[in-house]
Structure formats: structure tokens, C-alpha cells
Amino acid sequence: MPQQKLSSKGHPLTIGFVIDDSLDRPAGVQQYVLIVGEWLRSQGHNVYYLAGATNRSDLKNVYSLSRNIGVRFNGNQMRIPLISSRRQIHQLLNQVHFDVLHVQMPYSPFLAARIVNAANQDTAVVGTFHIVPKYALVTLASHALSWLCFNSQRRFDQVVSVSPAAQGFARRAFHLKSIILPNAIEYQRFHTAQPLPERSADKTVQILFLGKLVPRKGCLVLLQAINHLVRQNINRQLKVTICGDGPLAVELKRFVSNSNLESYVSFAGFISEEEKPQYYASADITVFPSLGGESFGIVLIEAMASGRAAVLAGNNDGYRSVLGSCPGDVLFDPQDPAELATKLSSIIQNKALRHEVANWQASRAKDFDIDLVGSQLLKIYDAALQQRRNVR
């Protein structure tokens, strides 16, 4: 019987991150997995990624365990696994003795559930619950998924949720008890970033949107608010940069053209993880007008960490958990472009308020630094391992 290894005693753990989706796309759950996983590796732990179909060759110990198909879920595009091979899963679990399997939740009965069910009895299983529904159909589907995954859910030793909103939905839809452990960022990477060279000398107020160009992320609401500011001669000394790609790109560009906003709005296209800090550092105001379905919002804390831009955000459960006590009334109704235009006008004209908001937000973002969150997660692993050992 292998000797149990506890990180609190200074021994490295062998940790498998389980994610049904591919690791090829830079979405929120993938960011969480890679930020936490690579930090754990930097602390001396052995990290593996057990994922759906993944082609990345820049990561160590990646195992693609199924083919995936693309679907739309909760207003996002994602990939879900087809039925995985039990034989391949058992071979991997026999080859690598995992101290901890860390599963991203909710999960599929065709991949993650099979891994959980096949786990060694002395392996602790920890889950992170990530979602909040935007649509009623998502809630109904989640109840059905809970039923399909009922047996594997009983195998979990600890579940964490990334926010109070996610915790509440995990309880209602999946009958899961969880503790809150938020998403994480590399604070210093964003806080020390310098503006893009072409922006450093530009005195025009720079407004940034960064996200998928899908309806739920609300980019059209921002463009409608900008159109209001320009048409009403409220604010004309501004530039807007839209970072991201997606199915709405053509429609958004058409709106800009039809509204004669080309001199104010530019589309930067897809921005890589390496490029993001410079774009945040180049902005005076960053806007995330998501219509809902946000469990947390990693993009918020990335932008906040820069300490340069004031962040305005749609008033949904996830974003409110991050910005609810921020000065300056930075949350707005994402269904109301006129309200966003009013808030933009106020914060554009009041430089002192922008600095106050940015300073508060930069301080708040420190709470989500990976060194803090990662250390808390290791304690959760230790407790789960201790519980698993005592149960046995």
C-alpha cells in the first residue's frame, strides 16, 4: 500500500486535474486549471492534466482521454466529451498513483465521472464548481446531470465553489455542500505590465472590452452606450478597443460602421494570454457588460490587478461578488445602454474618481493572487487526504 503523502509535511503530491473540455481554448475554467496547476508544479508537486481532446504540446503530463464535440451551453461555446475508454482510464490510474484528483464541476458522465469512479480508494477527490445559469434550460439540464452523476458525486471528499453564486447553484441543482475558494490570477504579471508603446503617449481616454464576442458577454451594449455618448456630444475624446473573437464579430462591426463609429472603435481580434496584461495596462476604463451567467469573472480581477484602469461591470451575481463594495458605483444594468453611457460619462470626466476606483480594485485583486489561493487549496487537499485516510 503506497504511503500517503501530505503537502503540509513537505512531501510533493501527485495531482490530476480533470476537465471534460479541451485545454486548447482559453476560457475561464481552462484558465483556472492552468493557473492553479502550473503554480502547484512550481511548488514542487507533480501535476497531470486529464482532459478531453487536447492538442497542446507546451504542457507537461497532458492526457487526452476522449474525442469532443462542440456545443453551446449557458451562452458560451464549449466542447464536451464523447464516451471515453474505461480501459484507457484504468491504464492511466494504474500507471500514475494520484494523491488528489481535482475535478472541474459540473462534469460529464462520459469522462470525468468515469475517472472518479475508477479512482483508487486512497486517492482524495476534490471538486471545483464553476457555473451559474443564465437560462432556465441550463438549470433543467443541470438537474438531469446531477441525477446522471449521482453515484460519482458521492465519491468526493471536498467540493469548493468559486463564488457565493456558484455555491448556491451547486446546492440547489446538485445538492452539493461546498466551501468558497475563488478563482486566481498571477497578480504581479498584470500589476507590473507596461502599456502598449502606441498607447503610452495617447492622451485620449482609452476604453477596453475583452471577452468572447457572443451575446451573453454584452459587447453590443457597450457599443450602444458609446454611440449614445458620441451622438449626444457628451464625450467625444475617447477610443474603444474591442479584444476578442466570436460569432458576433460581423454584427458588431456592422453596428460600428452603420453608426459611423469607426474613428472611435477598433477591433483587435483574438488576444493571447501573453498579450492581455499590456492591453489592460493601456486602458483607462475597462468594461465587462455581461448579461448574466457569470459565476465569478477572472477577467475582472485581471483588469483590476493592473491598477491603471477603472473597471465597470454588469450587475450579475458573479461580478457583484467581486465588486459589490467597490466605491464609485461601478456596477450597471447590462440591459440598459443609457445607464452605462451615464456611468461612462461620469468616470471619463472625473479623473480623481477613476484613480480612486482603480486603486481600490487593485488592492481587492490581491485577494485573488495565486500564492494566497494556492496555499488555501493545498490545505483543502491535505484535509481531504486526511479524511480519506481516516475513512479507510
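Read the figures in this text as sums done on the coordinates, not as results from a lab. Predicted model, so just to flag it, every value in this text is computed and none were measured. Here the Cβ is made from the backbone with ideal geometry for all residues, glycine too, and neighbour counts use every protein chain on show.
Some points to look at:
- Over the range 258-346, relative contact order from alpha-carbon pairs under 8 Å, at least 6 apart, %: 24 percent
- Linear extension gain, Ala352 paired with Lys379, 0.36 nm per residue minus alpha-carbon span: 5.6 nm
- Summarised as an ellipsoid, the range 230-321 has semi-axes of 23, 16, 15 Å, derived from the eigenvalues of the Cα gyration tensor scaled by 5 and square-rooted, with the largest first.
- Angle in degrees between helix 164-174 and the longest Cα principal axis of the chain, rounded to the nearest 10: 50 degrees
- q = 0.14, 0.15 Å⁻¹: log10 I(q)/I(0) that the Debye formula gives for the range 187-368, counting C-alpha atoms only: -0.68, -0.80
- Prolate/oblate/rounded label for the range 189-238 (Cα gyration tensor, a/c 1.5): oblate
- Relative to the longest principal axis of the Cα atoms of the chain, the long axis of helix 86-95 lies at roughly 80 degrees.
- (i) 24.6; (ii) 17.7; (iii) 18.9, with the label sought being that of the calculated mean projected area of the Cα convex hull in nm²: (iii)
- Most mobile of Asp21, Asp333, Asp284 in a GNM of the chain (Cα contacts under 10 Å): Asp333
- Estimated distance in nm for a label pair at Asp336 and Tyr63, the labels positioned 7 Å out from Cα along Cα-to-Cβ: 5.2 nm
- Longest DSSP-loop-exposure-free segment, GluC sites (Glu not before Pro), the chain, at most 10 other Cβ within 10 Å: 1-261
- Against the chain, whose longest principal axis is taken from its Cα atoms, helix 136-148 shows a tilt of about 10°.
- Modelled spin-label separation between Phe110 and Glu38, with each label point placed 7 Å from Cα along the Cα-to-Cβ direction: 3.0 nm.
- R0 of 51 Å, Cβ-Cβ distance Arg154-Lys203: FRET efficiency to nearest 0.05: 0.25
- Linear extension gain, Asn120 paired with Ser363, 0.36 nm per residue minus alpha-carbon span: 83.3 nm
- Pairs over the 22 Å Cα-Cα cut-off, from the set Lys177/Lys366; Lys203/Lys239; Lys276/Lys351; Lys239/Lys351; Lys177/Lys212; Lys217/Lys239: Lys177/Lys366; Lys276/Lys351; Lys177/Lys212.
- Theoretical gain in end-to-end length, Gln387 to His143 [0.36 nm per residue, Cα-Cα removed]: 85.0 nm
- For the range 297-362: rounded, prolate or oblate by the Cα gyration tensor [a/c cutoff 1.5]: oblate
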